[in-house]
1. Of the residues 354, 362, 318, 358, only one is away from the ligand (no atom under 13 Å from the Cβ) and either under 24 Å from residue 85 (Cα atoms) or more than 21 Å from the chain's Cα centre (by Cα) (or both); which?
2. I'd like the full set of residues that are more than 7 Å from the ligand (Cβ to nearest atom), in contact with a Lys or Arg (Cβ under 9 Å, 6 or more places away or on another chain), closer than 16 Å to residue 212 by Cα and charged (D, E, K, R), limited to region 16-65.
3. Residue 110 fails exactly one of the following numbered conditions: (1) assigned to a strand (DSSP E or B); (2) more than 15 Å from the ligand (Cβ to nearest atom). What is the number of that condition?
4. Which members of region 174-192 meet the condition of being within 9 Å of the ligand (Cβ to nearest atom), assigned to a loop (DSSP other than H, G, I, E, B) and open to solvent by 40 Å² or more (accessible area, probe 1.4 Å)?
5. Collect the residues in region 346-375 that are among the β-branched types (Val, Ile, Thr) and under 21 Å from residue 389 (Cα atoms), keeping them in residue-number order.
6. Please find, within region 132-161, the residue that is farthest from residue 250 (Cα to Cα) out of those that are of a type outside the set (A, V, I, L, M), open to solvent by less than 30 Å² (accessible area, probe 1.4 Å) and touching a Leu at 6+ places or on another chain (Cβ under 8 Å).
7. Under the condition of being β-branched (Val, Ile, Thr) and assigned to a strand (DSSP E or B), which residue from region 214-246 is farthest from the ligand (Cβ to nearest atom)?
8. What are the residues in region 219-244 that are over 24 Å from residue 301 (Cβ atoms) and open to solvent by 40 Å² or more (accessible area, probe 1.4 Å), if any?
Amino acid sequence: MGATRRTIIGAASALALSGCSRRRAIVVGAGVFGAWTAEHLQRDGWSVLLADQMGPGNARASSGGESRMTRGTYGRDEVYTRMALASLEEWKRLSDRASLPLFHKAGVLFFFEEMVDYARQSLEVHQRLNLPLEQIDRTGLAQRWPQIDFANVAFGLFEAEFGALMARRAVEETVARFVEQGGAYRVARADPGEDGSVSLDGERHTAEAIVWACGPWLPKVFPEVVGERIFVTRQEVAFIAPPDGDDRFEPAQLPGWADFNGGDLYYGFPNLEGRGFKIARDYHGAAFDPDTGDRRMSEAGAALLRAFAEKRFPALVGRPFTEFRVCQYENSSSGDFLIDRHPTVPGYYLLGAGSGHGFKHGPEVGRMMARLVSEGRLPEMRFLLASKGTLQRREVL
Ligand SMILES: Cc1cc2nc3c(=O)[nH]c(=O)nc-3n(C[C@H](O)[C@H](O)[C@H](O)COP(=O)(O)OP(=O)(O)OC[C@H]3O[C@@H](n4cnc5c(N)ncnc54)[C@H](O)[C@@H]3O)c2cc1C
């Protein structure tokens, strides 16, 4: 086990940290944020070592799920619409070179029981950015997606250009490309050293920049700095087998969807690559420890998701579950990400707080962190540590 954990993967890895002319960076965490930070630092000419305690998109990581939605619809939060758009281009380029698809352009459909600020603002932002967002009334919705029961729905917003990312595969591919292009990747547990160094499986390393992209572990690694500013919560996901031979649940016929009705937000995906129809509730569950948390689905959670799926998608009545997953969100107080310098240790950078919507933005988040590390360019205030409160008041949806 010890030997495996110390294995260094990648032809250029031995050289990567010994090159004396290039600036050296270490990125801790090969989730979507760390992997894309490593990629962008490498593009900027840094010699980069990416280290992860378990591996890209591992079972406990937040990036370790099957699929993640990508969308431009973000209400008034135009910054995320722009980031999603820019990231999508990177994802598509990466998907084109991958042997299996990373992106399924299934489209994304949000539906509402009445016109609300979120929908109105999304329409305004899309219009301003010249980005297609189709508003469809209930009759139109029922004609296009007869497999959905649109009871209590007034209208929907449909984005045809977005869809689903194959999450774990996409992170693995990001890391694979980084290594192919000369980056070093290592399986190792990292701990902060007292002198601004980093210990990798007990071995001391130094670098000009050390980016801590530890996802839900970040509060454990830096308890004094973010222990009370990132809230790790339990999230349950279920997959249901569509009826045999019924292709209305395939991505060509069913988009990713989110239902904004009745105060509760449910969302899901079509039957991507035969994994089953995915359904989850987007709320903040109980506090959760990524190392010791019980990842078995609760009976109450399964019943809730089944009831909702059967109500909105009547053909799923009685269909078997194919899979459950328990993952975790790592929420900031507002839902905005954390992209900043460590407040007291020079050369340390903090990256995280994906807050249940970070995956799609991986490429842009990585680029923003690389700008900070390479050029000292701070991102806007909402991403800085100073903006992170100690009370959960989610604003970004
Ligand atoms: C159920 C669920 C549904 C979601 N749905 C969506 C969605 O539809 N769309 C979307 O955009 N986003 C979604 N998200 C959010 C998104 O998945 C996360 O924001 C994103 O994956 C966070 O990535 P990360 O790199 O910050 O963290 P992680 O993926 O957790 O990566 C952190 C990595 O750091 C490593 N690490 C931690 N500590 C150490 C250490 N000391 N030494 C070495 N390695 C260490 C870990 O092993 C891990 O691999 C969802 C999240 C969940 C849980």
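The values are calculated or read from the model by the stated rules, or taken from the named source; none is laboratory data. Source: prediction; values computed, not measured. Don't worry about glycine lacking a Cβ; one is built from the backbone with ideal geometry, like all the others, and counts go over all protein chains shown. The area values use the complete protein model at the heavy-atom level, side chains included, leaving out ligands, DNA and RNA. Shrake-Rupley method; radii C 1.70, N 1.55, O 1.52, S 1.80 Å.
1. On the way: 354 fails: away from the ligand (no atom under 13 Å from the Cβ); 362 fails: away from the ligand (no atom under 13 Å from the Cβ); 358 fails: away from the ligand (no atom under 13 Å from the Cβ).
Answer to the check: 318.
2. 39
3. (2)
4. Scanning region 174-192 gives a single hit, 189.
5. 365
6. Per the stated criteria, the residue is 155.
7. Here the residue is 240.
8. Scanning region 219-244 gives 220, 223, 224, 228, 229, 244.
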